[in-house]
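Working notes, beginning with the structure itself.
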Amino acid sequence: MACPTFFTISDSGGFVKYKNQKNENSPKKNKIRKKELTSGVGGVIIICEIDSAAARGVKSEIIAGKEKRDMKHIVEEREKNIRRLVLIVDDEPINRELLGMIVGERYDVIFAENGKQAFDLIRENQGRLSLVLLDLLMPEMNGYTLLELLRKDPVLHRIPVIVLTSEKSAEIESLRLGAVDFIPKPYDLPDVILARIARSIELAEDRIILNATETDALTGLYIREFFFIYVSRFQMFDPDRAMDAVTLDVNKLHIVNELKGREYGDAVLKKIADRMKRIAEQTDGIACRCDGGRFFLFIAHQEPDVYAKWYDEISEEANEVADGPKVTLRIGVYQNVDRGIEVEQSFDRATLACNTPHNQYGSKYALYDMQMREKEIYSEKLLGDMAAALEQKQFKVFYQPKYRITGDVPELCSAEALVRWFHPELGFVSPGAFIPLFETNGLINKLDRYVWREAAAQVRAWKEKFGVTIPVSVNVSRMDIYDPDLEGELLRIVAENGLKTNELYLEITESAYTENSEQIINTVARLRKAGFVVEMDDFGSGYSSLNMLATLPIDVLKLDMRFIRNICESEKDYRLVKLMINTASVMSIPTVAEGVETEEQFRLLKAGGCDMVQGYYFSKPLPAHDFEELIGRETKIREEQTQC
Amino acid sequence: MLTVEKLKEYGADTGEGLSRCMNNEAFYLRLVGMALADDKLEKLGEALEAGDLDRAFEAAHALKGMYGNLSLTPVYAPVYEMTELLRKRTQTDYSPLLAEAKRQMQALVSLANSD
């Protein structure tokens with residue numbers, strides 16, 4: 001607690017003045033002292049002069065914190081129910097005392113006798129001062145001049161001022177100059193005055209909290225939640241105006257941040273935000289920083305060439321920040337937004353357009369259209385129906401045979417499990433439509449597990465029925481690799497079906513290897529150690545190098561079907577395939593060629609040393625019971641061969 | 001010695017004045033004491049005598065606020081009238097109103113000095 005020896009206390013004509021002489025002021029400490037003093041002198045009004053060095057400390061602290069800090073301060077004050085500070089400005093001592101008595105009931109009070117004194121006190125206490133009660137007619141500097149000074153100040157104008165006046169005519173001028181309310185003279189009843197003060201403080205604080213909350217600290221643009229509120233309001237007040245929803249995204253912001261540091265990335269974002277702010281101003285719109293490098297605009301409808309122009313301008317400004325990697329953008333526009341849908345949905349559409357790979361084709365913006373909409377709806381439906389489809393076994397596992405071609409006659413050796421979806425309403429849904437979708441939504445893990453179980457059960461059924469093992473390759477998506485229980489799950493499935501681990505083959509796509517090779521290497525190594533056969537799928541489709549073959553632990557290499565397609569026509573492709581086969585063979589890795597459709601392809605592959613083939617030339621993917629015919633035929637041939 | 005009873009007798013709206021002082025009698029009486037010691041009524045007289053209506057308005061306006069807040073109705077009334085005339089800088093003979101204000105103030109001083 002404060003010690004009275006910190007103060008010089010003198011009694012002059014009923015006033016107690018004190019001067020805080022110690023430079024260890026926090027607003028809180030000042031308050032405690034004053035409160036003590038107030039109670040110590042039995043409700044006598046206090047005029048206090050706050051030590052200016054201390055006040056400067058408070059001031060600089062507040063300026064540094066800006067709005068967010070103010071907000072924190074206010075919230076804290078509210079939570080702890082801390083007494084606010086009110087400045088009473090009146091040249092008349094009796095009025096000052098009277099008002100001080102009333103206001104002192106609930107607030108800490110400081111006084112000034114004229115506008116000039118008041119302005120100094122306001123500046124010194126700006127972080128703490130909650131309200132000013134201001135008389136208009138005063139010597140030295142009157143209330144009007146003070147109001148004007150405050151109004152022009154970017155920080156001080158937020159402190160609410162209630163004008164003390166007996167003149168109706170003064171009210172308009174005061175309002176014009178920014179006063180928030182009036183207290184008439186002679187004064188109202190104390191309760192009325194206190195209620196008016198409380199209300200004005202509350203409103204002003206709410207505004208600061210709102211200001212600090214609704215905008216993004218870095219760019220000053222609205223944050224997403226408030227942006228949506230304002231867009232809804234805009235739509236309500238101006239429902240007939242044609243408006244566009246726009247999403248702008250910085251490509252690979254994280255790489256910019258990584259290469260040049262966060263400050264650099266922030267500088268780029270600020271440049272973009274400034275330009276967007278200007279666009280919003282020019283087009284009667286509002287701008288928002290959604291998150292990371294994504295921005296939203298809600299603006300009066302524009303023709304597409306305007307978007308192209310903005311794309312150039314914003315790109316130019318974003319790249320003005322010196323010495324950085326080139327910053328590229330993409331823009332998606334949902335034009336003439338449908339007022340019947342939710343605001344969020346409008347921006348989902350703009351974002352969908354933004355995320356279409358339009359940059360690849362040199363286009364500066366993408367417009368949301370009906371095709372995107374249909375695709376979106378279709379995708380949504382597929383995603384929504386997936387759980388039921390799993391439950392009702394709408395997904396069917398088909399099996400495409402693989403033949404060993406190292407001997408004289410191609411010999412059925414294994415199969416690849418391929419999933420098909422027979423949707424009750426949509427009919428056959430292409431895997432090309434739902435697999436990429438499930439991959440982005442994390443649903444692929446569920447589907448993969450479903451296929452693993454189905455395939456394992458099938459291997460077991462065939463084993464029981466035919467007495468031979470036809471190992472089945474199942475797909476392990478890159479998302480599965482991140483599942484810490486991947487190995488456990490696979491082992492459980494194998495065990496449940498009484499299989500050995502080498503009776504279930506695992507296909508992992510080549511692109512997964514390049515994405516996160518270390519994790520893949522570790523996972524694959526573990527799976528192989530457990531006895532699973534691991535096949536690298538789609539080899540040659542991405543950025544793979546032959547060098548990968550030396551470092552990656554794999555059992556089988558599946559050549560991408562795009563190479564196989566042209567081996568008859570292109571000598572170069574054929575040579576490449578032969579090279580891959582040879583290289584794999586040097587490392588004792590057998591190869592599988594996928595997509596073999598013609599006899600000639602088969603012949604060339606056999607001549608090139610390929611170990612296994614798979615494709616329509618031999619068989620399309622078959623439902624389990626059709627596949628059984630192949631097994632039946634195969635076992636018969638083998639039996640005959642054995643008999644011979 | 002000034003008391004609330006005496007002020008009531010004098011014609012002040014003590015109920016209103018006291019409520020404005022959070023019903024603190026001592027505080028109210030102290031403020032009335034300050035009003036008695038105030039020299040602005042003198043200054044108003046001087047300004048009127050000098051024909052300086054601006055200065056006179058300032059003084060009258062201040063007095064009006066002061067007397068009004070303390071609900072000293074008898075002295076408030078003539079001061080209020082003067083303030084409104086002076087606001088428009090009306091050229092008129094202010095002496096009757098000033099004399100009335102001074103008389104009321106004197107009455108108050110006498111009350112304060114009586115037992």
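Here the range A:379-643 is treated with +1 on each Lys and Arg Cβ and -1 on each Asp and Glu Cβ, and its dipole about the Cα centre works out to around 360 debye. Annotation: per residue accessible area for the protein assembly as shown equals 47 Å², rounded to a whole number [probe 1.4 Å, protein chains only].
Would you mind counting up the charge near A:Gly595? Only other residues with Cβ under 13 Å from its Cβ, with Lys and Arg at +1 and Asp and Glu at -1. Charge balance in the 13 Å sphere: -2. Considering only Cα-Cα distances, which of the following residue pairs are longer than 23 Å: A:Lys277/A:Lys364; A:Lys465/A:Lys558; A:Lys381/A:Lys446; A:Lys402/A:Lys463? Pairs exceeding 23 Å: A:Lys465/A:Lys558.
Shown for the protein assembly as shown: the carbon plus sulfur share of the solvent-accessible area, taken with all protein chains present and a 1.4 angstrom probe, equals 51%.
For the range A:180-284, with only Lys/Arg (+1) and Asp/Glu (-1) charged at the beta-carbon, what is the dipole magnitude about the Cα centre, in debye rounded to 20?
380 debye
Here the Karplus relation 6.51 cos²θ - 1.76 cosθ + 1.60, evaluated at θ = phi - 60°, turns the backbone of the range A:381-392 into coupling constants of 5, 4, 5, x, 8, 4, 4, 5, 4, 5, 4, 8 Hz, with x for every Gly and Pro. Once a ≥ b ≥ c are taken as the square roots of the eigenvalues of the Cα gyration tensor of the range A:379-643, is the result rounded (a/c under 1.5), prolate (a/b larger than b/c) or oblate (a/b not larger than b/c)? Rounded is the answer for the range A:379-643, as its axis ratio a/c remains below 1.5.
Placing a pseudo-label 7 Å from each Cα along the Cα-to-Cβ vector at A:Glu391 and B:Ala37 gives an inter-label distance of 8.8 nm. Cross-link list A:Lys500/A:Lys636; A:Lys578/A:Lys606; A:Lys393/A:Lys500; A:Lys116/B:Lys88: which exceed 20 angstrom alpha carbon to alpha carbon? With Cα atoms farther than 20 Å apart: A:Lys500/A:Lys636; A:Lys393/A:Lys500; A:Lys116/B:Lys88.
For the range B:8-13, backbone phi angles converted through the Karplus equation (6.51, -1.76, 1.60; θ = phi - 60°) give residue-by-residue couplings of 5, 4, 5, x, 6, 7 Hz, Gly and Pro being listed as x. Straight-line reach from B:Lys6: which aspartates and glutamates have a Cα under 12 Å away, not including same-chain ones fewer than 8 places off? Cross-link targets: B:Asp115.
Taking the centroid of alpha carbons for each part, the range A:368-408 and the range A:590-617 are 26 Å apart. Placing +1 on the Cβ of every Lys and Arg and -1 on the Cβ of every Asp and Glu, with no other charges, gives the protein assembly as shown a dipole of roughly 1200 debye about its Cα centre.
Chain B packed on chain A takes about 1900 Å² of accessible surface away from a 1.4 Å probe, both sides summed. Between A:Glu344 and A:Ala457, the modelled labels are 3.8 nm apart [label points 7 Å from Cα along Cα→Cβ]. Roughly speaking, what is the centre-to-centre gap between the range A:154-207 and the range A:80-144 when only Cα atoms are used, to the nearest Å? Comparing the Cα centres of the range A:154-207 and the range A:80-144, I get a distance of 12 Å. Computed 3J(HN,Hα) for the range B:30-42, one whole-Hz value per residue from the Karplus formula 6.51 cos²θ - 1.76 cosθ + 1.60 where θ = phi - 60°, is 5, 5, 4, x, 5, 5, 5, 7, 6, 9, 5, 5, 4, glycine and proline marked x. Rounded to 0.05, the FRET efficiency of the B:Lys88 and A:His301 pair, given R0 = 60 Å and the Cβ-Cβ distance, is 0.60.
Between the residues A:Tyr368, A:Leu382, B:Tyr94, the greatest Cα displacement towards the positive end of the dipole of the protein assembly as shown, with unit charges on the Cβ of Lys, Arg, Asp and Glu, is found for A:Leu382.
Close amide H partners of A:Met138, meaning residues 5 or more places away or on another chain with modelled amide H under 5 Å apart, are A:Gly143. For the range B:70-111 versus the range A:425-495, the spacing of their alpha-carbon centroids is 101 Å. For the range B:1-33, a reduction of at least 20 Å² in accessible area between the chain on its own and the assembled protein chains (probe 1.4 Å) is found at B:Ser19, B:Arg20, B:Met22, B:Phe27, B:Arg30, B:Leu31. Taking Lys and Arg as +1 and Asp and Glu as -1, the other residues whose beta-carbon sits under 15 Å from that of A:Glu640 total -1.
The values are calculated or read from the model by the stated rules, or taken from the named source; none is laboratory data. In this text, all values refer to a predicted model and were calculated from it rather than measured experimentally. FYI the Cβ positions are ideal-geometry reconstructions off the backbone, even for glycines, and counts take in every protein chain you see. Side chains included, ligands, DNA and RNA excluded: accessible areas come from the protein's heavy atoms. Shrake-Rupley method; radii C 1.70, N 1.55, O 1.52, S 1.80 Å.
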